[in-house]
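What follows is a set of notes on a single structure, which appears directly below.
The values are calculated or read from the model by the stated rules, or taken from the named source; none is laboratory data. Everything quoted here is computed from the prediction, not taken from an experiment. A quick note on method: Cβ atoms are made from the backbone with ideal geometry, for glycine too, and the neighbour counts reach across all protein chains shown. Side chains included, ligands, DNA and RNA excluded: accessible areas come from the protein's heavy atoms. Shrake-Rupley method; radii C 1.70, N 1.55, O 1.52, S 1.80 Å.
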Amino acid sequence: MKVVLFCGGLGMRIRDYSDAVPKPMVPIGYRPILWYVMKYYAHFGYKDFILALGYKADVVKDYFLRYDEAVSNDFVLRGGRSVELMASDLHDWNITFVDTGMTANIGQRLQAVRPYLDGDDYFLANYSDGLTDLDLRSYVDHAIAMDKVATFLKVRPSQTFHVVRSDADGCVHDINHVSQTDVWINSGYFVLKQEIFDHMEAGDELVEAPFRRLIERRQLLAPAYDGFFMAMDTFREREQLEEMWRLGKAPWVMW
């Protein structure tokens, strides 16, 4: 089962880093967040990746072309020259790099990689900017058993903000931290049938018109997950993820 990773956005809310690199290449510790997402999928046996590139596609390509296994693996250096790796990250990964355009939306990027998805009844997709400790295999098995065209994981928002309810004149009658409300968001962890393309039109953003069409046909599923999930949308969230990794308390590192 292939994994489509959307890697072409500008990352406007984390510009301190994304002026220099595309958002999926913003680092946590020694590796970019994209690597952690890929390592997570590979941990559960999904090692056939399609990277839908756009903004600074060359940075992503160059990273993998020059990939240094020794950065995140133990090794023995013999005679000052020969490196003997004790483990390997991506020796059995297949990665297809597809330039899907600078200004394409997620739906257009998905359409652009469609030729590389032939032969699979189902495929996975991800925004490449969120990390979780979800049991991915169980989630995928559940999605397939439910037999819907599209499934996404709904999670609690990781951002700190308050939900406000007010009258038409603006008079507030309730305010609660988002964690105390029934607000759920789309995590970007998708399980999709090939049939998804039958519900898409040219220019469609994936989760807008196509998903509304699926809702009308009762073909959209969103299981809830209350475990760890955190997206890296802002510099502050990047710093929080970095701190978890530095302290050895990164829930997404399941391997």
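Quick one: what pairs do we get from segment 140-169, first residue under 17 Å from ASP233 (Cβ atoms), second in a helix (DSSP H, G or I) and β-branched (Val, Ile, Thr), C-beta under 7 Å, 6+ apart or different chains?
From segment 140-169, the pairs are PRO157/VAL178; PHE161/VAL178.
When you look at ARG66, is it basic (Lys, Arg), out of contact with any strand residue (DSSP E or B) (no Cβ under 7 Å at 6 or more places or on another chain) and at pLDDT 90 or above, yes or no? Reasoning before the result, please.
Details: basic (Lys, Arg): yes; out of contact with any strand residue (DSSP E or B) (no Cβ under 7 Å at 6 or more places or on another chain): yes; at pLDDT 90 or above: yes.
For ARG66, the condition - basic (Lys, Arg), out of contact with any strand residue (DSSP E or B) (no Cβ under 7 Å at 6 or more places or on another chain) and at pLDDT 90 or above - is met.
Confirm whether PRO223 is open to solvent by less than 40 Å² (accessible area, probe 1.4 Å) and at pLDDT below 95.
Here the answer is no, as PRO223 does not meet what is asked.
Considering segment 226-241 alone, what residues qualify as being more than 26 Å from ALA143 (Cα to Cα) and either among the hydroxyl-bearing types (Ser, Thr, Tyr) or open to solvent by less than 40 Å² (accessible area, probe 1.4 Å) (or both)?
Selection gives ASP233, THR234, GLU237, ARG238, LEU241.
Table: residues versus (1) polar (S, T, N, Q); (2) under 18 Å from the mean Cα position of the chain (by Cα); (3) open to solvent by less than 20 Å² (accessible area, probe 1.4 Å).
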residue	(1), (2), (3)
ASN94	yes, yes, no
PHE97	no, yes, no
LEU124	no, yes, yes
LEU153	no, yes, yes
SER166	yes, no, no
VAL178	no, no, yes
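Can SER138 be described as touching a Pro at 6+ places or on another chain (Cβ under 7 Å) and of a type in the set (S, T, N, Q)?
The answer is no for SER138.
Of everything in segment 198-245, what is within 23 Å of ALA42 (Cβ to Cβ) and either small (Gly, Ala, Ser) or part of a helix (DSSP H, G or I) (or both)? Give them in sequence order.
Once the filter is applied, which keeps residues that are within 23 Å of ALA42 (Cβ to Cβ) and either small (Gly, Ala, Ser) or part of a helix (DSSP H, G or I) (or both), segment 198-245 yields GLY227, ALA231, ARG238, LEU241, GLU242, MET244, TRP245.
Please note which strands (runs of 3 or more DSSP E) are completely contained in segment 126-197 and include at least 1 residues that are within 23 Å of ALA250 (Cα to Cα) and not aromatic (Phe, Trp, Tyr).
Those strands (runs of 3 or more DSSP E) span 130-132, 150-155, 185-193.
Which of (1) more than 21 Å from the chain's Cα centre (by Cα); (2) of a type outside the set (Gly, Ala, Ser); (3) open to solvent by less than 40 Å² (accessible area, probe 1.4 Å) does LEU117 not meet, given it meets every other one?
Checking LEU117 against (1) more than 21 Å from the chain's Cα centre (by Cα); (2) of a type outside the set (Gly, Ala, Ser); (3) open to solvent by less than 40 Å² (accessible area, probe 1.4 Å), the one that fails is (1).
Quick check: is even one residue across segment 104-114 open to solvent by 50 Å² or more (accessible area, probe 1.4 Å) and either more than 21 Å from PHE211 (Cα to Cα) or assigned to a loop (DSSP other than H, G, I, E, B) (or both)?
no
Would you check if ASP62 is open to solvent by 70 Å² or more (accessible area, probe 1.4 Å), without any contact (Cβ under 8 Å) to a residue 40 or more places away in the chain and under 26 Å from LEU241 (Cβ atoms)?
Working: open to solvent by 70 Å² or more (accessible area, probe 1.4 Å): no; without any contact (Cβ under 8 Å) to a residue 40 or more places away in the chain: yes; under 26 Å from LEU241 (Cβ atoms): yes.
Judged against the criteria, ASP62 is not a match.
Please verify whether LEU214 is surrounded by 15 or more Cβ atoms within 10 Å (Cβ to Cβ), at negative phi, hydrophobic (A, V, I, L, M, F, W, C) and in contact with a Ser or Thr (Cβ under 9 Å, 6 or more places away or on another chain), treating the condition exactly as stated.
Spelling it out, it is not the case that LEU214 is surrounded by 15 or more Cβ atoms within 10 Å (Cβ to Cβ), at negative phi, hydrophobic (A, V, I, L, M, F, W, C) and in contact with a Ser or Thr (Cβ under 9 Å, 6 or more places away or on another chain).
Tell me which residues, restricted to segment 72-82, are open to solvent by 80 Å² or more (accessible area, probe 1.4 Å) and either within 26 Å of GLY29 (Cβ to Cβ) or among the polar types (S, T, N, Q) (or both).
ASP74, PHE75, LEU77
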